[in-house]
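Worksheet: one structure, shown below.
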Amino acid sequence: MKSIVAIAYALLASVLFVISGPAGAQQNYPSRPLRLISPYAPGGGNDTMARLIAQALTESLGQQVIVDNRPGANTMIGTDIVAKSRPDGHTFLFSGISTFLINALLLKTPYDSMKDFAPIAPLAVAEMILVSNPSLPATNLRELIALAKAKPGELNYATSSAGGAGHLVGELFKMMAGINIQHIPYKGTSQALSEVMGGQIELSLQSAVSTVPHVRSGKLRGIAVSGDKRYRALPQVPTFAEAGLPGLQGRVIYGILGPAHIPAEIVGKLSGDIARIQRTPAFQEKLFNQGVEPFILSPDQFGALMRSELATFDKVIKTAHIKLK
């Protein structure tokens, strides 16, 4: 009889642990430093944004948030690490959402982009900027298109990866302008822009966060920016519509994702902390100085946006006949 009672108490204790254990863990969250994986090389726009929010979250959460750069395989190496990590709220992905979604359409990924991740929060949005080496004998978009038509296949444009936002916008640019320029993908933004600044490549399409400092310094020439209005950080650079090519749109959304099945309480806490950080004037000024603007959505809204963006990219890829070799 005593053994039956002992077994019953043990079973009850196990049930109570299952019920109360996760809640207790979430009350003490985070219990150790957090790992924010950037699937890009250091020094680019994604890395810059990741370090801004990591510092702010370190102060907000009371635990250090460490940026871990894991570039390679068109961002799939770092992304896969997060997909296969424990969903305990201590490992996250900080990525350009465009590349994250486009990979699902163009590549065979070792994870399911829509099922293996939990949307946490977008951080910021940046328009795409077409830049050139200052020595290029074309100072505006019309002159550039004329030069490309006079030298079909001779001009090159660099991006940070094959299949990223810059690649898609570049292919749309080619199609809408009726020109033939060659796409040269690199392993990161810094390398791509260094080649343009060094004169090895004539053009590049990148997010504003990567290009603004170089355009301001004169190392790059701003040709045109996506969006409906001129960019606050580069008011001298016209939009594509102003420059003679209406309808060309493209943007980069930086955001945070976690592995699937993270407890809802942790998702809500992180999303709320990030939103509070985004609303502070000091953090907004840091974003503006980098050429981006805060972008605040709930996790559900972020997930809906990702599904919408995926459908849009699918249409663009099919229209432009984009394929990765």
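The values are calculated or read from the model by the stated rules, or taken from the named source; none is laboratory data. Keep in mind the model is a prediction, meaning the values are calculated, not measured. Counting neighbours? That spans all protein chains shown, and the Cβs are built from the backbone with ideal geometry, glycine included.
Odds and ends about this structure:
- Sole residue being at pLDDT 95 or above, in contact with a Leu (Cβ under 6 Å, 6 or more places away or on another chain) and either in a helix (DSSP H, G or I) or under 20 Å from THR312 (Cβ atoms) (or both), chosen from VAL82, VAL67: VAL82
- Scanning region 69-93 for residues that are of a type outside the set (A, V, I, L, M, F, W, C) and either under 21 Å from LEU287 (Cα atoms) or outside the structural domain of ALA311 (by TED's automatic domain parsing) (or both) returns a single hit, ASN69.
- Criterion violated by GLN182 - all others in (1) closer than 26 Å to GLY72 by Cβ; (2) crowded, with 20+ Cβ neighbours inside 10 Å satisfied: (2)
- Test: residue in region 94-109 that is without any contact (Cβ under 8 Å) to a residue 40 or more places away in the chain, assigned by TED's automatic domain parsing to the domain that holds LYS286 and among the hydroxyl-bearing types (Ser, Thr, Tyr): yes
- Residue match in region 116-124 (condition: over 25 Å from PRO213 (Cβ atoms), of a type in the set (D, E, K, R) and surrounded by fewer than 19 Cβ atoms within 10 Å (Cβ to Cβ)): yes
- Taken as a whole, the condition of being over 19 Å from GLN290 (Cα atoms) and charged (D, E, K, R) does not apply to GLU127.
- Selection from region 38-47 of residues that are under 11 Å from the mean Cα position of the chain (by Cα) and surrounded by fewer than 24 Cβ atoms within 10 Å (Cβ to Cβ): ASP47
- Filtered residue count, region 163-221, keeping only those that are closer than 24 Å to ILE253 by Cβ and assigned to a helix (DSSP H, G or I): 27
- Annotation: of all residues in region 61-99 being β-branched (Val, Ile, Thr) and more than 14 Å from the chain's Cα centre (by Cα), the one that is surrounded by the fewest Cβ atoms within 10 Å (Cβ to Cβ) is ILE66.
- Within region 228-255, restricting attention to residues that are part of a loop (DSSP other than H, G, I, E, B) and crowded, with 19+ Cβ neighbours inside 10 Å, the residue that is farthest from the chain's Cα centre (by Cα) is ALA243.
- Unmet requirement for MET306, which otherwise passes all of (1) in contact with a Leu (Cβ under 7 Å, 6 or more places away or on another chain); (2) in a helix (DSSP H, G or I); (3) at pLDDT below 95: (3)
- When PRO185, PRO122 are checked against the criterion of being of a type outside the set (A, V, I, L, M, F, W, C), under 17 Å from the mean Cα position of the chain (by Cα), modelled with pLDDT under 95 and under 25 Å from ALA41 (Cβ atoms), PRO185 stands alone in meeting it.
- Cβ-Cβ contacts under 7 Å between residues 6 or more apart (or on different chains), taken from a first residue in region 228-241 that is under 15 Å from PRO213 (Cβ atoms) and not assigned by TED's automatic domain parsing to the domain that holds PHE173 to a second residue that is in a loop (DSSP other than H, G, I, E, B) and at pLDDT 90 or above, are listed as TYR231/VAL237.
- Residues that are over 16 Å from ILE81 (Cβ atoms) and in contact with a helix residue (DSSP H, G or I) (Cβ under 6 Å, 6 or more places away or on another chain) within region 34-47 comprise GLY43, GLY44, GLY45, listed in sequence order.
- In region 99-125, the residue that is nearest to THR58 (Cα to Cα) out of those that are out of contact with any strand residue (DSSP E or B) (no Cβ under 6 Å at 6 or more places or on another chain) and of a type in the set (Gly, Ala, Ser) is SER113.
- Residue in region 128-139 that is surrounded by fewer than 18 Cβ atoms within 10 Å (Cβ to Cβ), free of Cβ contacts under 8 Å to residues at least 12 places away in the same chain and assigned by TED's automatic domain parsing to the domain that holds THR211 present: yes
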